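Each value in this text was obtained by applying a stated rule to the coordinates, not by laboratory testing. Bear in mind the structure is a predicted one, so any value in this text is a computation, not a measurement. Ideal geometry is used to build each Cβ from the backbone, glycine not excepted, and the neighbour counts take in all protein chains shown.
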Amino acid sequence: MGTEADALGVALTGARRVRLWNAVTAVVCGFLPSLVLIRPFSAHRLLVGFLIGLIWSNGFEYAYHRWILHWPKGGLGKGHLLHHATLGTPYEPEHVTFGSSPFAVAVIFIVNGLPVVLLDRALQVRVAAGMLIGFAVYFIMTEEVHWRIHLGGCLPSWLSPAREYHLAHHDRPDARFNVFLPLFDLVLGNLTTAESSVVTKPERVARRVSDFYRQAAEGILVYSYLIAISIFFWCSFRAATRRGDKLRNLG
């Protein structure tokens, strides 16, 4: 009994340190660049960018959890299996944080933020500052809610259903990939966690049709991310080329 308590104490201490530095990294990667990108200031563009950033983050969370963390052959997938396997054990805290380290959090922000900043600079829409802040707020909230769900922390009343919702994912890991805001789970039909014991032929056909549409929607989501990133870089290189041509003409 003492050994388990000691193991839990060590795991909690290490996990709290990782969670703290993950939050610091998110603030640095999200808020500090925004201080540069926010000029000239526009409250309207900041709010629009923030809302877009929250939706983008929810989609990234879904895709990251659905296809990367639940890909058993990948390194991140093997690590995530420990999160499921250690549920209720003294070693659970070691595998609760979404970002395994501050470096991993920084990589997440680079993957999401760099294309956004490049497109924002190319098209001069000036919403990147709000989006980066949205990324940071969403990441910190997700880690905090996930931590409290697993380790018994209190949640606001409006977030109390998140505990049952997420733990249902641990009962059936092929559904409910959003932690507390099931926006993309709803869009892509991943809210159901219970299966009936007897399935009739019409129900099997309906399920196959539903699975087909769900897989098609998921595929569209992936391709949308790839297309968006391609457009980001294409616009950025085009803008750089135009600036180079102008400089040559002036010379």
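List of remarks:
- Flag if ARG66 is basic (Lys, Arg), farther than 25 Å from ILE38 by Cβ and assigned to a helix (DSSP H, G or I): yes
- Segment 32-54, residues that are surrounded by fewer than 16 Cβ atoms within 10 Å (Cβ to Cβ) and part of a helix (DSSP H, G or I): LEU32, LEU35, VAL36, ALA43, HIS44, LEU47, LEU51
Yes or no, residue by residue, for (1) among the β-branched types (Val, Ile, Thr); (2) out of contact with any helix residue (DSSP H, G or I) (no Cβ under 6 Å at 6 or more places or on another chain):
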residue	(1), (2)
THR86	yes, no
SER101	no, yes
LEU119	no, no
ILE133	yes, no
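- Criterion: in a loop (DSSP other than H, G, I, E, B), closer than 30 Å to LEU167 by Cβ, under 16 Å from the mean Cα position of the chain (by Cα) and among the hydrophobic types (A, V, I, L, M, F, W, C) - qualifying residue of PHE135, PHE103, PHE98, PHE109: PHE98
- Residues that are β-branched (Val, Ile, Thr) and under 11 Å from ILE133 (Cα atoms) within segment 32-47 comprise just one, ILE38.
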